[in-house]
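K.L.:
One structure, as C-alpha cells, below. Some questions next.
The values are calculated or read from the model by the stated rules, or taken from the named source; none is laboratory data. Not measured: the values here are computed from a predicted model. Positions of Cβ are generated from backbone atoms using ideal geometry, with glycine treated the same way; all protein chains shown enter the neighbour counts. SASA here: full protein model, heavy atoms, side chains in, ligands and nucleic acids out. Shrake-Rupley method; radii C 1.70, N 1.55, O 1.52, S 1.80 Å.
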Amino acid sequence: QVQLVESGGGLAQAGGSLRLSCAASGRTSSINRIGWYRQAPGKQREFIAQITSSDSTDYADPVKGRFTISKDKAKNTVYLQMTSLNTEDTAVYFCNALLWTREFWGPGTQVTVSS
C-alpha cells in the first residue's frame, strides 16, 4: 500500500508559477513511477507528467517547457513546478503512484489560474 498527499495548490495569476508537492508514505521503495494528472470541470482526467524510479521523465504536450517534475528521494516527495500558468491549467491536480500493476491516487489539490 502507498498513501499519497498532494499540497501546494491555490490561486495564481496567468503567467505566474506554483509548485505542487506529492508526499508518499508506505511501500515507497516499491514505487515504479509517480505521475501527475489533472481534471478540469466537465473534462476527463488527463496525464500531465511522470517520473520513474530511474528518474526518467515524460510530459504531456500542453505542459512541455512549462512544467517540471522532480523528486526528493530522502523526503519521498515528488514535485511539479508549474510556470507560465494560463487559465487552461485550472484543474484539480492528482498524484498517482504505480506499484507493479497497482495504482494509488491522492485526494487532489485545486489549482485555479485567473486571467
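K.L.:
Among the listed residues Ser21, Ser29, Ser25, which satisfies the condition of being without any contact (Cβ under 8 Å) to a residue 60 or more places away in the chain, in contact with a Ser or Thr (Cβ under 8 Å, 6 or more places away or on another chain) and not in a loop (DSSP other than H, G, I, E, B)?
P.N.:
On the way: Ser29 fails: in contact with a Ser or Thr (Cβ under 8 Å, 6 or more places away or on another chain); Ser25 fails: in contact with a Ser or Thr (Cβ under 8 Å, 6 or more places away or on another chain).
From the options Ser21, Ser29, Ser25, the qualifying one is Ser21.
K.L.:
For segment 26-37, what are the residues that are surrounded by 19 or more Cβ atoms within 10 Å (Cβ to Cβ) and of a type in the set (Gly, Ala, Ser)? First the steps, then the outcome.
P.N.:
Narrowing segment 26-37 to residues surrounded by 19 or more Cβ atoms within 10 Å (Cβ to Cβ): 31, 34-37.
Selection gives Gly35 alone.
K.L.:
Oh, and also: Which of the following residues is under 14 Å from the mean Cα position of the chain (by Cα), farther than 17 Å from Gln3 by Cβ and open to solvent by 20 Å² or more (accessible area, probe 1.4 Å): Val63, Val111, Val92?
P.N.:
On the way: Val63 fails: open to solvent by 20 Å² or more (accessible area, probe 1.4 Å); Val111 fails: open to solvent by 20 Å² or more (accessible area, probe 1.4 Å).
That would be Val92, the only listed residue that is under 14 Å from the mean Cα position of the chain (by Cα), farther than 17 Å from Gln3 by Cβ and open to solvent by 20 Å² or more (accessible area, probe 1.4 Å).
K.L.:
What residue, of Ala23, Ala49, Ala40, is among the aliphatic types (A, V, I, L, M) and open to solvent by 40 Å² or more (accessible area, probe 1.4 Å)?
P.N.:
Working: Ala49 fails: open to solvent by 40 Å² or more (accessible area, probe 1.4 Å); Ala40 fails: open to solvent by 40 Å² or more (accessible area, probe 1.4 Å).
Every option except Ala23 fails the conditions.
K.L.:
In segment 106-115, how many are touching a Gly at 6+ places or on another chain (Cβ under 8 Å) and either polar (S, T, N, Q) or modelled with pLDDT under 95 (or both)?
P.N.:
Adding up the residues that qualify gives 3.
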